[in-house]
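**Q** If you scroll down you'll find the structure; I have some questions about it.
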Amino acid sequence: MGNTETNPNPSQPISRRTLLQGTGLALGGTALINGTADAHPPGVPVPGPGSPVRPIPVPEQVPATQGLFQVPGARLWYWDTGGHGEPVVLLHALSGSGESWPYQQPYLARAGYRVIGYSRRGYANSPVQDPNDPRTGIEDLHDLVEFLGVGKFHVVGVAGGGWYAMDYALNHPDRLHSLVIGACVLQVQEQDYQDMVERLRAPEVDALPIHFRELGPSYRAIDPDGVTRWLDINHRAGPNGIIQPRATSLNWAVIERLTVPTLLLWGDADPHTSPPVQRLLAGHFRRVSTVVANECGHNVHWERSDVVNPVLLNFFRTNRH
């Protein structure tokens, strides 16, 4: 377990401005109620009748403590809403950081959960001290939850964060109530899976601006302010984030031995993990639920929190204790 280096004032709450620093977001905000927004932002055309996609204002954040935790070769920036509720640990995408959860943090905290997020080494506010010692992602995660006194918890990993959520579930299943993987290509070492994923890849797609690859066309059309906020977080995440190794290579036999209740989330317009990819994955989990968000790209938690948040809450309540 690593040593600690906490915030000089660990009781200082993370303000909404801290989590969304530099986004230009007004501090008024509109809270989410049952996963849907109760107001429409000014200056954005109202979607036509029947459209499932509407701009969702970022809700007021719940106060959270923050700090830096020392692990071998790096310091990890984390935030923690605290309390006595069941813990939920959020693992960000390769395009994000610990700042990527403004829609989930207040929703889950107000539902009674202790919500924890952090930036993996090299991402926003988590400086790397020894780039030659990346460790596995789950070693850092395990040290962090031990330091925070977290026993059993729910883990949510989106996109690249899903790699480490899955890896943790395979190596520490006794520590998890449930596993949620959103829009993640799990890099399963099976030919049928690799062939399907490869058919979705193209140099032309990889050459597109990152928000074209990561955010769906409906979201980009309807919510330009949300795209700007997402790009600000991506920019602050920085170019130095480390893709850490995983402890376990995946094949169908490995996935099929997992007993942790699992939820797979994805968007129907995701160019990376399209519905056929996720359905192929789902067929090899023993205890799995699946949800597809309509008109949604790769960042399902960001684009369709109106769908994702109630689904998460129901899944956690179903798989408590």
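Each value in this text was obtained by applying a stated rule to the coordinates, not by laboratory testing. Computed from a predicted structure; not experimentally measured. All Cβ positions, glycine included, derive from the backbone under ideal geometry; neighbour counts span all protein chains shown.
**Q** Hey, what does the equivalent ellipsoid look like for the stretch 105-174, semi-axes from the Cα gyration tensor as sqrt of 5 times each eigenvalue, largest first, whole Å?
**A** Each semi-axis is √(5λ); the values are 22, 15, 12 Å.
**Q** Further, regarding this structure: Rounded to a whole number, what is D in µm²/s for the stretch 187-321 from Stokes-Einstein with the Kirkwood radius over alpha-carbon pairs (25 °C, 0.890 mPa s)?
**A** The Stokes-Einstein estimate is 147 µm²/s.
**Q** Got a sec? Charge dipole of the stretch 54-185, +1 on Cβ for Lys and Arg, -1 for Asp and Glu; which of Ser100, Tyr118, Ile56 is way out at the positive end?
**A** Ile56
**Q** Something else about it: So what does the Cα-only Debye profile of the stretch 63-148 read at q = 0.14, 0.24, 0.26 Å⁻¹, as log10 I(q)/I(0), no solvent term?
**A** -0.45, -1.20, -1.35
**Q** Using packing as a proxy for protection, rank 229-241, 162-174 so that the peptide with the highest average count of other Cβ atoms within 10 Å comes first.
**A** The densest-packed peptide leads the list: 162-174, 229-241.
**Q** Sorting check: for 254-263, 194-203, which peptide has the highest mean count of neighbouring beta carbons within 10 Å, and how do the rest follow?
**A** The most tightly packed comes first, giving 254-263, 194-203.
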